[in-house]
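Worksheet: the structure to be examined is printed underneath.
The values are calculated or read from the model by the stated rules, or taken from the named source; none is laboratory data. Not measured: the values here are computed from a predicted model. Heads up, the Cβs are rebuilt from the backbone with ideal geometry, glycines too, and the neighbour counts pull from every protein chain shown. The accessibility values were calculated without ligands, DNA or RNA, using every heavy atom of the protein model including side chains. Shrake-Rupley method; radii C 1.70, N 1.55, O 1.52, S 1.80 Å.
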Amino acid sequence: MIDNFIVKSYFNYSGYLFRVFPGLLSFVLPRTLVVEASNMCMLKCPVCATVNSSRRQKGVMPFELFKSLIDGIDWKLRRINFSYAGEPLVNPDLFKMVGYAAAKGIDSIVETNGMLLEDRIDDILSSGLYKLNIAFDGINQEMASLYRKGLNFDKVVSGVRRLTRERKKRGSRIPGIHLQFIVMKHNQSGIDAAISMAEELGADFIDFKSMILSGGSGLSAEEKNRFAGEYLPDECEYLRYEKKNGEWQIKEPRRTFCPHILSDAVVMWNGDVTICTMDVEGKFAVGNIKDGSLRSIWKSARYVQLRKFVLLSKLPECRECGYLLSDFRAVRIKEGP
């Protein structure tokens with residue numbers, strides 16, 4: 001089939017052919033949706049793009065808008081990532097959305113800061129959610145809240161413990177529960193203790209991730225250097241950056257092409273479709289699902305042009321992208337998705 005040929009050609013030739021013929025990529029329909037259930041959050045993490053630069057109106061995606069998006073997809077969609085620029089559990093209809101997708105054979109992944117876990121345990125376990133990623137950047141209140149401003153660490157721990165116990169009680173293997181530990185200067189000493197804590201809490205994995213300084217927020221060189229000095233760890237294994245000429249820059253070598261423009265579509269809470277999660281402001285929105293199907297937007301001339309810009313690294317967000325490097329180490333605690 002033509003889509004399989006295009007995918008193989010794209011990866012075999014690092015996207016070079018498609019810089020000349022970017023329209024060919026529109027024949028490959030996205031296999032993953034990134035859905036912004038909400039762009040609101042109760043935390044104030046210093047480097048987070050939602051805190052630093054988002055000027056978009058705040059809101060949550062209505063269930064009916066999500067339903068119309070899914071009903072308009074007439075190809076095989078593998079998964080939905082409920083993540084992006086806010087805390088998904090703020091949306092009261094989040095797990096109704098997850099359940100609707102599950103009924104159509106689509107796996108869902110939710111990323112959460114964990115603050116609302118205790119309020120949604122039954123929703124989580126009854127929805128058919130495939131995987132839950134929970135921010136867990138420390139082993140105590142002081143360590144975890146040094147970056148995640150406003151976090152109640154004990155509340156997160158209690159939520160994880162209750163969730164894993166209830167999952168076991170119901171005899172379920174899903175969702176897979178992953179704790180995500182962003183390795184920073186102030187918490188790098190807690191890695192071993194965090195693994196022990198994940199085991200005690202009944203998590204399936206703990207993933208150690210390296211920090212991204214920009215995340216689409218467009219920090220100045222001065223701001224980036226300040227945050228780097230404050231948060232980047234000493235351990236090279238967990239660094240996406242290196243210092244050159246007095247400035248922190250993405251490490252080389254990294255991928256010379258973006259795999260995500262071939263496989264991922266990003267839908268904001270209000271229905272706007274953009275090309276990448278690095279576009280936290282929606283500057284590159286190519287359409288809205290209220291006005292047309294995702295298929296028609298994906299194949300539009302505007303989307304084709306943006307893919308070409310990405311392949312040519314003409315967008316500043318691409319030059320600052322930290323996702324073109326390997327970003328984490330997963331430690332399996334026990335069997336799970």
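Of note:
- Expressed as a fraction of 2.2 N^0.38 Å, the C-alpha radius of gyration for the stretch 138-278 is 1.25.
- 5 angstrom amide H check on GLN180, placed H, neighbours 5+ away: ILE134, ALA135, PHE136, ASP207
- With one equal scatterer per alpha carbon and no solvent term, the Debye-computed log10 I(q)/I(0) for the stretch 113-211 at 0.11, 0.13, 0.24 1/Å reads -0.30, -0.41, -1.29.
- Taking only protein heavy atoms and a 1.4 Å probe, the accessible area of the stretch 105-176 is 44% carbon and sulfur.
- Separation of alpha-carbon centers, the stretch 268-305 and the stretch 70-138, rounded to whole Å: 21 Å
- FRET efficiency for the pair LYS67 and ARG31, taken as 1/(1 + (r/R0)^6) with r the Cβ-Cβ distance and R0 = 22 Å, rounds to 0.65.
- Alpha carbon Rg of the stretch 41-150, scaled by the compact-globule rule 2.2 N^0.38 Å: 1.16
- If R0 is 30 Å, the Cβ-Cβ spacing of ASN140 and SER263 corresponds to a FRET efficiency of close to 0.20.
- Take the Cβ atoms of VAL51 and ASN225, set R0 to 25 Å, and the FRET efficiency comes out at 0.85.
- Taking 0.36 nm per residue of separation and subtracting the current Cα-Cα distance, fully stretching the chain between ARG165 and GLN188 would add 5.4 nm.
- ASP107, ASP74, reordered so the largest accessible area comes first (probe 1.4 Å): ASP74, ASP107
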